[in-house]
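Taking it in order: structure first as structure tokens, then the write-up.
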Amino acid sequence: MPLMPKRVKYRKTQRGRVRGNATRGTEVSFGSFGLQVLDRGWVSGQQLEAARLAASYALGTEGRLYVRVFPHKAISAKPAETRMGTGKGEPEYYVAVVKPGTVLCEVGGVPEEMARLALQRVCHKLPVRTRLVKRRTW
Amino acid sequence: MPAVTLSAEVRTTLGRRATRLLREKGLVPGIVYGRGRPPVAVAIAAEALEKALKGGARVVDIVIGNDRDSALLYDPQPDMAGEHVRHVDFVRVAQDVAVEVAVRIELKGTPAGQAEGGVLQQTLHELTVKCLPRDIPEKIVVDVADLKIGDSRRVKELTLPHGVATAVDSEVTVATVRHQVTAPEPGAAPAVEGPAEPEVIKPEGRAEAEEEAGEKGGEKAGAKGAEKEKEKK
């Protein structure tokens, strides 16, 4: 079951455009290493779940993974072979809107090599370019 | 830590456009204030400032023209990518007056509980301490080697350097060793399925009106059904 909100005020949302850079959630705050997004885009609940599992298997019984984004935005789609019109389609999946600078997930309690491996597995599951960042010391 | 000297020039043009032009020239906008003197907007060479920050400098000597002040490097604002500094504050300090600063906490050693399957989790990464500017420690090292599963290291257990005190609650946890929450095996039965779609929050008035309408509808339908049954009889 992919991630999605439990309760929403409106079932469907407009698509909008992703503009600018992230101004919040740009620091490694919980773990020691993080994965910072470099593109603008959407990360679906399914992709996040796949990324989480990939990191869990890479970390095994060590360390902890923190996922810093949540798919709040409903994306609707029309069924295949349907004529245009008759209103907006039904919500198909949910996405997290990400901007350059967003720290998508963090890893803590493991050495750098292991964190690097886990986050590398994570980035293979994502539709955006990312890079590894460390907790800032200044 | 050797004393770091930063030379700055006074900024006369303020605002977004002026600061953008400054950054393009390789300068960082900043402000010097404190000790009852008027604030001065300054510009500092980005390279020197970043070198000082990465070197762990906390108190620097800032030279503006003929003035030389001892100042605390305070609240450096990183850019979106976290590589460069966008703005920095310099708080003038006296060498004989205590200051409050956040100092990094570094964990040392592998906890004993890790061998039993525990996971070390650091919950406090910075400690706010009060001390004289010359006594500011670079970091506070916390030994966690003896922690077993379920054990924690609290603020009261930290050994702070001489002349350094903290006002942080002594019961606050710095690090703990917890049981590892294991991930489900690949191919294992999926977790309990929730609803396929989120619940829609309705405004209170509307929700009540709909409920009432539903009840009335139900009553009417019930009455009609009874009438029909009577007619049939």
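Structure values in brief
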item: Trypsin sites (Lys or Arg not before Pro) lying in DSSP loop within region A:35-101, provided at most 15 other Cβ fall within 10 Å; result: A:ARG83, A:LYS88
item: Volume of the Cα convex hull of the protein assembly as shown, divided per residue and given in Å³; result: 265
item: Net charge dipole size for chain A [Lys, Arg +1 and Asp, Glu -1 on Cβ; Debye, nearest 20]; result: 720
item: At least 20 Å² of accessible area lost relative to the chain alone, listed for region B:59-107 with a 1.4 Å probe; result: B:PRO76, B:PRO78, B:MET80, B:ALA81, B:GLY82, B:GLU83, B:ARG104
item: Heavy-atom accessible surface of region B:100-179: percent carbon and sulfur, 1.4 Å; result: 45
item: Solvent exposure ordering (accessible area, 1.4 Å, most first) of B:HIS125, B:HIS162, B:HIS179; result: B:HIS162, B:HIS179, B:HIS125
item: Degrees separating the helix A:45-59 axis from the principal Cα axis of chain A, which is the longest one; result: 20
item: Whole-Å distance, taken between Cα centres, linking region A:81-106 and region B:73-130; result: 38
item: Calculated [θ] (222 nm, deg cm²/dmol) that DSSP helices of n ≥ 4 give over the protein assembly as shown, each run adding -39,500 (n - 2.57); result: -6500 deg cm²/dmol
item: In the A-B interface, the accessible area buried, summed over both sides, Å² (probe 1.4 Å); result: 2600
item: Percent accessible area from carbon and sulfur atoms, chain A, protein chains only, probe 1.4 Å; result: 50
item: Whole-number accessible area per residue in Å² for region B:1-126, which is evaluated in the context of all protein chains at 1.4 Å; result: 55
item: Solvent-accessible area per residue for region A:63-115 (1.4 angstrom probe, square angstrom); result: 52
item: Per-pair calculated FRET efficiency, R0 = 25 Å: A:ASN21 and B:LYS139 via Cβ, rounded to 0.05; result: 0.25
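The values are calculated or read from the model by the stated rules, or taken from the named source; none is laboratory data. Quantities reported herein were computed from a predicted structural model and do not represent experimental measurements. Every residue, glycine among them, receives a Cβ derived from its backbone with ideal geometry; neighbour counts consider all protein chains shown. In case anyone asks, the SASA skips ligands and DNA or RNA and just uses the protein heavy atoms, side chains included. Shrake-Rupley method; radii C 1.70, N 1.55, O 1.52, S 1.80 Å.
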